[in-house]
1. Provide the net charge surrounding A108, with neighbours chosen by a C-beta distance below 14 Å and charges set as Lys +1, Arg +1, Asp -1, Glu -1.
2. Take peptides 108-116, 41-49 and line them up by average Cβ neighbours within 10 Å, highest first, as a rough protection proxy.
3. Can you tell me how much longer the chain between D188 and L60 gets when fully stretched, taken as 0.36 nm per residue apart minus their C-alpha distance, in nm with one decimal?
4. Starting from the Kirkwood Rh over alpha-carbon pairs, what translational D in µm² s⁻¹ does the range 86-213 have by Stokes-Einstein at 4 °C and 1.567 mPa s?
Amino acid sequence: MKQGRSHKGKHYYDDTMSTQAGAGRVNQKRRTREAILAASRELIRSGSELSMPEVARAALVSEATAYRYFPDLPSLVHEALLGMSPDPVEALAHVDASTDPVERVASATEVLMRDVLSHEGTARAAIAASITRPELARNRPGFRFGLIDAALAPLVDAQPTIGEAELTQLKRDLSMIISAESLFTLTDVCGLSPEEAIATAIHAARVVTSVATGTA
């Protein structure tokens, strides 16, 4: 009888230890993931260029470990930026009273451009990664699309002045202008200062929106 109770007790002890060990591994994985994301966010805030080696070094993990949690840089950037960029509707709160699509789109353009400039190194790294691997492009943050939707929301909610197909085309046209790629083309290729680039992008967004909505 004593041996039986001892045998059962050993199984209970082994099961308990196994459960505790499993929980410990889960907690360790969560802490490692959080450390990688925290290191990424700190690098983003500093304006440094983001790369897996830099993130791993800042998080005190190996590069291989960083890749186990995030298979590519765009995936890491996407999750790291969650909660860092403002909500699109809140970002356009200063034009909330306006129903003028041209004015709202102009504001959305400036918000996006200044947001990109605040973490320029990260934006450049994400673009570079998705150029060499186009399938990763969809993992990049989609802040621009939220801004475009928010800017044009009054146009959609009110009696439509343009058809659904025309609205879809307008959003596509604006996605080329209200973008990090547009900003870097203007600064790197055209040689404009950041402020000149922002002004140029705003002008282009205004023109496109005016023509599409018939307010030109």
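Since every read-out is calculated from the coordinates, none of them should be taken as a lab result. Values in this document were obtained by computation on a predicted structure and should not be read as measured data. With ideal geometry, Cβ positions are generated from the backbone for all residues, glycine too; neighbour counts draw on all protein chains shown.
1. -4
2. The peptides rank, most packed first, as 108-116, 41-49.
3. 42.7 nm
4. It diffuses with D of about 86 µm²/s by this estimate.
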